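Presented below is the structure to which this report refers.
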Amino acid sequence: MELKQYQQEVINDLSDFIEQLEKTENLKLAFSNFWGLKGISLQNIDDRYLKTYDNSIKGVPRVTVKVPTAGGKTFIACNALKPIFESFPIDKAKVVAWFVPSDTILKQTYKNLNNTSHPYRQKIDSHFGSAVKVYQKQDLLQGASFSPTEVKEQLSILILSVQSFRSRSKEARKVYQENENLQEFPKTFSEHKKKLLPNIDETALMQVITQLNPVVVIDESHNFESNLTVDMLNNINPSFIFDLTATPREQSNIISFVDAIKLKNNNMVKLPVVVYNHNNTNEVINSAIQLQKTLEQKAKYGQENGGKYIRPIVLFQAQPKSKKDNITFDKIKTQLIELGIPENQIKIKTAQKDEIKNVDLLSPDCEVRYIITVNALKEGWDCPFAYILASLANKSSTIDVEQILGRVLRLPYVTKNKVNLLNSSYVFTSSKNFIKTLDNIVVGLNNAGFSAKDFKAKEEQKEPEKEISKQIDFTDVFNQIDKKEINEDLEINVDNIKKLSNSEKSQQQLDDILDLAKKTSHEFEKTVEEYNKDENLIPTELKDKVKTYPIKEVFKEEVKNLKLPTFFMKIKVTSVFETKDTYIPLQKGALLQDFDLSKEDHKINFAQTSSEMAIIDLTEGRRDEYIPKYRKVANEIKEVFIEYISALSPEGKINTIANRLSNVIRKIDEIPEPVIIEYIKKTISDLDSDKISEISNNEYFYARIIKNKINRLADKYAKKQFLKLLDIGTVKCQESFQFHKKISPKNTVNGITKNLYVEEGEMNDFEKRVIYDIANLDSVVFWHRNLERGKGFLLNGFINHYPDFIVKMKNGKIIIIETKGDHLDGSDSLQKLKLGEKWASKAGDNYRYFMAFNNAKLDGAKSVAELIEILKDMK
């Protein structure tokens, strides 16, 4: 099971945030830079959720991803563990405290993650070499396969509910009590690190979790707002907090928004939802039965024509007088049986009565088509076969369908059905105040991660005592609202329903519902198409709050058909019938396919100056509440390792250090980890014991030296391969980059003429002076400040290079310009210049590349004055 594209984008966002955190070592700055690279200034945006970094848990990275219901939050969390733990010091224990909002979800999560055949567990195993153990609270209390030795050697996932820590029950208090099963753990608590929770025995489970400094995953974190407090999180002593929710708290540090429509694009949900209001409960029941039969007929037809098995299910939502009132449910079941529905097709699911426990509702052998419930299905229960939600509250009651609305939204098999009616879901109500009912449904949508933009409503004119129809297009749902009790018996009359089922009115209502479904489905598909045409560089939720700048009207025709060339690489694509050549965008990794690190130079100068070490000591000694705690490696951990390694044989030392340095280095392009380990062994094998000890005591410093060496070797090889492939024609330039209709730079600059967009991205003083002089040339048509990080024009080759400016001249030439202050003339500049020149030679006669310095320059580069002289005659 692989990530959907939108899920991968969430993981990419997490990795990008961690990258900024590693660069800045400051939570507030990393968060600001992360959004700044997306063109969003946290200081200037007015959004309920997206604000400057909230540091309530001091020094602990806490980030939130906003994913609508049915978006696969658990699978996203499984994939998030790898980049999080890769950012930690290599001696950090790999422990996850995974919090869920209810016992139902706890059982479900534990079952899935503990099952080595489940896709969730398989993904985690693939990331952690199958050294994974999943625990419930009872396992931990008993010390079942839970010891310091095992924790050190594996990824330990503790599936927990907040209730088990907050409850005052005898069972819940066990986590705070002395526990002889865990008595080995306190022996590993170092004196320096030993900041025990007060008034709790050191062998207590809570104390052990605290000392393990776990990564905390909070699934459905909106459900924890009242009970997972800052104090409790501080007591757990987390190293990283990863929240997943459909409705973030106002203090959330959101790093990723999943647009609801992406779930539709990926066939995760049944949309649109059709809501139809009836005159009374009898009509609701009749329509639900008639539509169920119709949908099942369609499903059978689809299966006969190559589709998969589907048995549509109706959820009847009753609202009893009291929590213990089972009479209502049994009465409804009896009445359904009287209507001719076989008893084995009807089940009751409430807090007190669960007739679907251990029933596989997706099995072809299952007969269930109707489930009677209140809101017991609201969390932790998903059945893709549930298509119809029918509220049986009478007309004077508040309709609380939003409590379980999300249960009818998941699309079977995550596959679009050829029968369009089976791609929608349905809600039937009978309410005097249908507008209020719709408001409640919208509340449900909002709490499921959707907004008013995700639905459309249409109300037909209603004559007295006739039904109102209403359509709603949206993209996912569910929430919790307090249960309302009613004072009247349900208005269900079996005889009236029997008469209605054979009447013209019944057929007319069914036809209206089907017509409404077809119409809204068509309209919704058009909405999806329009969404997919848009560039969607900014999350939908933020589009109204982020300033965007369109291309100036005067230049729209000028750039409408303009495409800038980038490098593409020829590959062979094999199908059932043939093998043919095709070209795909060139990536650096493709240039390293035959790179053999073992044959490269392994001599490295490990001499280090006192000033370099002083800088490291200064950095490690900083104290700031925004510096992540996990970046500070405790001295005693180093001491334990030094003591351990000193007892090893010379070969054992080399092997151990090589593996540890490789863990610090992590991935380098496409080079496999075993190859990197062998290379490190070569580089350190001839060093004396003193140098080996020094390396083991300063792993991050020496890992950086080795990584820089490998990167230089890889870059050199990639450049050589790039030039070779260009010569033989495997790599070539193809038109690809088009100017975006709108841009949203974090900060802008104006006051310079001939800018392509209404406002352009910010620049430094030197860049501003250069483009000012260029823009005022008579030969210039327009200029644009190129954007970075996936938004702007990329010169892709043996390095990735986003040049500073794109200029269109009156003679038709496109000029690419990279500006450099005189202090920026190192090897990076030289590589960019060589790539730019090679691009210009292959892109065609209409393209030029220039690197401009103020005065001093590299061979092939120009001074600003020389560049102006060249451009002024391009009329």
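The values are calculated or read from the model by the stated rules, or taken from the named source; none is laboratory data. Only a predicted model underlies this, so the values are computations on that prediction, with no experimental measurement involved. Using ideal geometry, Cβ is built from the backbone for each residue, glycine included, and neighbour counts are taken over all protein chains shown. The protein model used for the area step is the full one, side chains on, heavy atoms only, and it has no ligands, DNA or RNA in it. Shrake-Rupley method; radii C 1.70, N 1.55, O 1.52, S 1.80 Å.
Once region 547-586 is represented by equal point scatterers at the alpha-carbon sites, with solvent omitted, what log10 I(q)/I(0) does the Debye formula produce at q = 0.34 Å⁻¹?
Each listed q corresponds, in turn, to -1.06.
Restricting to Cα atoms and excluding each atom paired with itself, what does the Kirkwood estimate give for region 717-774 in Å?
After inverting the mean inverse Cα-Cα distance, the result is 14.9 Å.
Looking at region 771-875, what % of its DSSP beta bridges pair antiparallel, to the nearest 5?
So the antiparallel bridges in region 771-875 amount to around 55 percent.
Could you tell me the distance between the Cα centroids of region 756-798 and region 678-719, to the nearest Å?
Each part's Cα centre sits 39 Å from the other's.
Please give the per residue accessible area of region 657-696, computed with a probe of 1.4 Å over protein heavy atoms only, in Å².
48 Å²
Quick one: give the max-minus-min coordinate of the C-alpha atoms of region 86-138 along each principal axis, largest first, in Å.
Ordered largest first, region 86-138 gives principal extents of 35, 22, 18 Å.
Evaluate the relative contact order of region 90-174 (contact order divided by residue number), counting alpha-carbon pairs under 8 angstrom at least 6 apart; express in whole percent.
41 percent
To the nearest 10 square angstrom, what accessible area does TYR301 show with a 1.4 Å probe?
140 Å²
Going down the table (LYS4/LYS572; LYS4/LYS732; LYS51/LYS820; LYS94/LYS353; LYS519/LYS791; LYS331/LYS416), which pairs top 29 Å between alpha carbons?
Where the Cα-Cα span goes over 29 Å, the pairs concerned are LYS4/LYS732; LYS51/LYS820; LYS94/LYS353; LYS519/LYS791; LYS331/LYS416.
Using a 1.4 angstrom probe with every protein chain in place, what is the largest-first accessible-area order of ILE868, ILE710?
Ranking ILE868, ILE710 by accessible area, largest first, yields ILE868, ILE710.
Using alpha carbons only, how many angstrom separate the centre of region 1-35 from the centre of region 127-157?
Their Cα centres are 28 Å away from one another.
LYS545's amide H: which non-local residues (gap 5+, or another chain) put their own amide H closer than 5 Å, with H modeled 1.01 Å from N in plane and none for Pro or chain starts?
Amide H to amide H, under 5 Å and 5 or more residues apart or across chains, LYS545 pairs with nothing.
Pairs LYS270/LYS347; LYS719/LYS768; LYS28/LYS107: which exceed 30 Å Cα-Cα?
From LYS270/LYS347; LYS719/LYS768; LYS28/LYS107, over 30 Å: LYS719/LYS768; LYS28/LYS107.
Quick one: Debye curve from the C-alpha atoms of region 59-103, no solvent, what's log10 I(q)/I(0) at q = 0.14, 0.25, 0.30 Å⁻¹?
-0.44, -1.17, -1.35
Given H placed 1.01 Å from N in the peptide plane, which residues other than close sequence neighbours of VAL217 have an amide H under 5 Å from its amide H?
ALA97, TRP98, PHE99, PHE242
Given bins 10 angstrom wide, list per bin the percent of all Cα-Cα distances in region 727-875, short to long.
10, 42, 38, 8, 0
Can you list residues whose amide H is under 5 Å from VAL781's amide H, if they're 5+ apart or on another chain and H is modeled 1.01 Å from N?
Counting only residues 5 or more places away or on other chains, the set is LYS808, MET809, LYS810.
Normalised radius of gyration for region 67-182, please: alpha carbon Rg relative to 2.2 N^0.38 Å, two decimal places.
Expressed relative to 2.2 N^0.38 Å, the Cα Rg reads 1.10.
Would you mind getting me the FRET efficiency between GLU523 and ASN502? Use the beta-carbon distance for r and R0 = 35 Å, nearest 0.05.
0.60
In whole percent, and with a 1.4 Å probe on the protein chains, what portion of the accessible area of region 662-774 is carbon and sulfur?
Taking all protein chains in place, region 662-774 shows 45 percent carbon and sulfur surface.
Please report the antiparallel percentage of the DSSP beta bridges confined to region 681-809, to the nearest 5.
Rounded to the nearest five, the antiparallel share is 90 percent.
Over the Cα atoms of region 249-354, what Rg and Dmax result, in angstrom?
Rg and Dmax of region 249-354, Cα atoms, are 18.8, 54 Å.
So if I take the centroid of the Cα atoms in region 496-553 and the same for region 39-103, what is the distance between those two points in Å?
Their Cα centres are 32 Å away from one another.
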